[in-house]
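Encoded as structure tokens, the structure appears first; notes follow it.
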């Protein structure tokens with residue numbers, strides 16, 4: 001799907017999550033939801049209104065929430081444990097031991113990911129969360145690109161046996177998939193073909209990457225755009241095939257630190273399977289900051305113009 005066929009529909013993936021979760025509760029009586037005083041923001045309130053007996057407001061006690069979710073999972077429930085990405089993954093020890101090491105089937109949901117949340121600043125911007133969750137054995141990491149993919153991902157991870165980290169946006173994102181899109185857990189999603197280079201994007205950077213590809217096409221650059229919704233387990237075979245088709249010229253784009261996130265995952269996979277020249281677009285080993293969302297995103301080169309500029313610079317040196 002290129003820019004000409006992208007939908008004008010925009011919705012935050014946190015909103016799509018809340019709607020999908022409430023719908024899931026109608027058919028899955030084993031699903032329970034926990035939140036840490038942020039249900040209005042994470043949109044888990046939509047589930048709470050429909051199923052109050054299966055919703056647990058834990059207060060500002062994220063560590064206790066994670067431990068309780070683990071206990072519910074070990075008792076046969078499928079808990080969705082919700083908070084801002086930076087707050088819930090900040091309870092790393094509880095997630096590592098109580099959830100993953102204990103084999104608890106907990107779905108950890110982190111909203112308000114990345115610098116795109118804007119004014120709230122670094123203390124509430126999840127920028128290291130993917131790196132933390134990727135490092136935990138058995139933990140899957142999923143970051144959908146739009147509302148349709150979010151809804152499909154919620155259903156998929158509810159049926160997935162094992163812990164999952166689901167990363168969601170505060171900001172509205174453009175729909176990049178057509179109606180009827182089929183989510184495939186653990187498989188890359190090619191949205192635009194191209195042969196000069198490939199850009200792997202995830203979450204809120206997918207639509208800007210598609211727009212950047214359209215801009216670059218005006219200069220004769222054929223950029224392949226790949227949506228990596230499942231960062232772990234990574235579709236190594238698909239990643240290698242895309243890199244090979246583009247002569248090993250690879251770019252990654254993510255609203256996350258470039259250390260340990262999508263760029264790290266792609267670099268690790270290619271270093272062992274198809275050595276490539278890689279440009280990682282993201283937050284460059286600095287703290288986030290407060291500011292208007294569009295301005296902060298642009299400062300870090302994560303908007304359409306910034307991505308297109310960095311791809312051009314990369315290809316000049318290729």
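No value in this document is a laboratory result; all are computed from the given coordinates. Please read these numbers as outputs of a predicted model, since none were measured by experiment. FYI the Cβ positions are ideal-geometry reconstructions off the backbone, even for glycines, and counts take in every protein chain you see.
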Checklist entry - Between rounded, prolate and oblate, where does region 189-316 land on the alpha carbon gyration tensor, with a ≥ b ≥ c its root eigenvalues, rounded for a/c under 1.5, else prolate if a/b exceeds b/c? => result oblate
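I need to check one value: relative contact order of region 17-106, counting alpha carbon pairs closer than 8 Å and at least 6 residues apart, in percent. Mind showing how you got there, number by number?
Details: 140 pairs, mean separation 27.6, N = 90.
Reported as a whole number, the value is 31 percent.
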Checklist outcome for this item: Listed residues 291, 220, 118; largest mean-square fluctuation, Gaussian network over the chain with Cα springs below 10 Å, found at 220
Item to check | GNM result for the chain, Cα springs below 10 Å: residue of 17, 183, 287 fluctuating most strongly | outcome: 287
Checklist entry - Dimensions of region 172-253 along principal axes (Cα, Å, largest first)? => result 33, 30, 20
Checklist entry - When the chain is treated as a GNM, springs tying every alpha-carbon pair under 10 Å, which of 63, 140, 217 comes out with the largest mean-square fluctuation? => result 217
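Using the 10 angstrom Cβ neighbour count as an exposure proxy, how do 177, 300 rank, fewest first? Present the calculation step by step, with values, prior to reporting the outcome.
Details: 177 22, 300 19.
Lowest to highest Cβ neighbour count: 300, 177.
Which FRET efficiency value, to the nearest 0.05, is calculated for residue 245 and residue 9 with the Förster distance at 45 angstrom and r the Cβ-Cβ distance? Don't skip to the answer; put the middle values down first.
Working: r = 30 Å, r/R0 = 0.67.
Plugging the Cβ-Cβ distance into 1/(1 + (r/R0)^6) gives 0.90.
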Checklist entry - Helix 62-74 versus the longest principal axis of the chain: what angle, 0 to 90°, nearest 10, using Cα atoms? => result 80 degrees
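What is the gain in length, in nm to one decimal, between residue 292 and residue 182 on full extension, counting 0.36 nm per residue of separation less the C-alpha to C-alpha distance? Write down the numbers at each step before the final one.
Numbers: separation 110, 0.36 × 110 = 39.60 nm, distance 3.43 nm.
Residue separation times 0.36 nm, minus the Cα-Cα distance, leaves 36.2 nm.
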Checklist entry - From the Cα gyration tensor of region 1-138, with a ≥ b ≥ c the square roots of its eigenvalues, which class applies: rounded if a/c is under 1.5, or else prolate if a/b is larger than b/c, or else oblate? => result oblate
Next on the checklist: How far apart, in nanometres, would the label points at residue 155 and residue 219 be if each is projected 7 angstrom from Cα along the Cα-to-Cβ direction?
Outcome noted: 4.1 nm
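Which order do 192, 312, 167 fall in if you start with the one that has the fewest other Cβ atoms within 10 Å? Intermediate values should be presented prior to the final figure.
Numbers: 192 22, 312 14, 167 30.
Arranged by neighbour count, lowest to highest, 192, 312, 167 become 312, 192, 167.
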Checklist outcome for this item: Gyration tensor (Cα only) of region 125-220 to equivalent ellipsoid, semi-axes in Å sorted down, yields 26, 16, 13
Checklist entry - Per residue of the chain, what 222 nm ellipticity follows from adding -39500 (n - 2.57) for every DSSP H run with n ≥ 4, rounded to the nearest 500? => result -10500 deg cm²/dmol
Checklist entry - Helix 262-273 versus the longest principal axis of the chain: what angle, 0 to 90°, nearest 10, using Cα atoms? => result 60 degrees
Item to check | Using alpha-carbon coordinates, inclination of helix 304-316 to the longest axis of the chain, degrees | outcome: 50 degrees
Next on the checklist: Please list, in order, the residues from region 202-225 whose amide nitrogen is less than 13 Å from a point placed 7 Å along the Cα→Cβ vector of residue 193.
Outcome noted: 223-225
Next on the checklist: Can you report the principal axis dimensions of the chain using only the alpha carbons, biggest first, rounded to whole angstrom?
Outcome noted: 57, 39, 38
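Just want to confirm a number: the relative contact order over the chain, from Cα pairs under 8 angstrom separated by 6+ residues, in percent. Present the calculation step by step, with values, prior to reporting the outcome.
On the way: 751 pairs, mean separation 58.0, N = 318.
18 percent.
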Item to check | Fully extended contour minus Cα-Cα distance, from residue 259 to residue 102, at 0.36 nm per residue | outcome: 53.8 nm
Checklist entry - Taking the alpha-carbon centroid of each part, what is the distance from region 240-318 to region 66-133 in angstrom? => result 25 Å
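Among 255, 189, 119, 129, rank each residue by its count of other Cβ atoms within 10 Å, from fewest to most, as a rough exposure measure.
Ordered by Cβ neighbours within 10 Å, fewest first: 119, 189, 129, 255.
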